[in-house]
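Colleague: What follows is a single structure, and I will ask about it in a moment.
The values are calculated or read from the model by the stated rules, or taken from the named source; none is laboratory data. Everything numeric in this text was worked out from a predicted model, so none of it was measured. Here the Cβ positions follow ideal geometry from the backbone for every residue, glycine too, while neighbour counts run over all protein chains shown. Protein only, heavy atoms only, side chains kept; ligands, DNA and RNA dropped before computing areas. Shrake-Rupley method; radii C 1.70, N 1.55, O 1.52, S 1.80 Å.
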Amino acid sequence: MKLFSDSSIIRGIGYSLVFILCVNCKKDFNPTNPSQPLAESISALGGENVATSGLASQTRTATFLNNLNNFQEVFGDQGYPRAKAEYVAADDGKYASTRKLSANGISHSMLALQGFGFTIPDNATIENIAVRVRRFKTGNPAIGDYFLSVMQRVQCGVGQPCTYGVFWTYLDDYPGRMYPNTETEYIFSQRGSGTNGGFNHDQAYIWTPAIVNHQYFGVRIDSYPPSGKGSVVVNYDLVEITIEYSLP
């Protein structure tokens, strides 16, 4: 006895093919969600993040702390007698700390970090530079930045790399200028070029791959003498620089 006719079998096969095609169409269809970014960040080797939009970034920490360009000979210990670069390479509770600073009008500290090892391509355009710090003070006297600046590779004066780009100074009112009593994170960001550089914010600057890739490139943070009775210690847990750049 023949349960199905030839035409029924053919129709069944046809229906199956149509069903399979419809399922595949639904799987391939992926409507764009306007709330989701189109460019997705991709993690790459060497601390480099590459974005599909053509932007990229590198984040590095220092390999020199107050001991490049004869800093020790010129400025002594700069207030950080036992600090090492690895103490500010991670948010890990290991601190680069100053000696006890007294409010006597001449006691201050200088933190100079260099040797970040950036490898920005020569044909890139620097879009932004951000300095991320985690710091606090222990002790009653108030203390804060005299100035905070990124340094370029060209030396000036007595073996001291020139400061360059945007300065954050004691004359400015910005978050983090005064050091807090508990560890706090701050980010100091500047564009790749501008006309607001220098201590008085009136100098032109332009960051290039040649400058930021050099071992002399880094960050310098000078504190002013503390005010108040007693002594104070400044502690840094992390200092890192992120450079964002675009490629042609």
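Colleague: How much space per residue, in cubic angstrom, does the convex hull of the C-alpha atoms of segment 137-235 take up? Can you show the working numbers first?
Modeller: On the way: hull volume 12.0 nm³, N = 99.
In segment 137-235, the Cα convex hull volume per residue is 121 Å³.
Colleague: Sort 85-95, 170-180 for me by packing, meaning the mean count of neighbouring Cβ atoms within 10 Å per residue, highest on top.
Modeller: Values: 85-95: 16.5, 170-180: 13.5.
Put in order of decreasing packing, that is 85-95, 170-180.
Colleague: Right, here's the next one. Using a 1.4 angstrom probe on the protein heavy atoms only, could you order Arg191, Arg60, Arg132 from most to least accessible area? Mind dumping the intermediate values first?
Modeller: Values: Arg191 160, Arg60 40, Arg132 70 Å².
So the residues, ranked largest to smallest area, are Arg191, Arg132, Arg60.
Colleague: Further, regarding this structure: In nm, what is the difference between 0.36 nm times the number of residues separating Glu127 and Glu185 and their Cα-Cα distance?
Modeller: Working: separation 58, 0.36 × 58 = 20.88 nm, distance 2.25 nm.
Gain in length upon complete extension: 18.6 nm.
Colleague: List, in order, the whole-Hz ³J(HN,Hα) value for each residue of segment 78-88 obtained from phi through the Karplus relation with A = 6.51, B = -1.76, C = 1.60 and θ = phi - 60°; use x for Gly and Pro.
Modeller: So the J values, rounded to whole Hz, are 6, x, 10, x, 10, 6, 10, 4, 5, 5, 10.
Colleague: Count the net charge of all other residues whose Cβ sits under 13 Å from the Cβ of Val131, scoring Lys and Arg as +1 and Asp and Glu as -1. Present the calculation step by step, with values, prior to reporting the outcome.
Modeller: On the way: positive: Arg60, Arg132, Arg134, Arg135, Arg220; negative: Asp145, Glu185, Glu240, Glu244.
Net local charge, Val131 excluded: +1.
Colleague: From the protein chains alone at 1.4 Å, what is the descending order of accessible area for Asp202, Asp145, largest first?
Modeller: On the way: Asp202 105, Asp145 0 Å².
Per-residue accessible area, sorted high to low, gives Asp202, Asp145.
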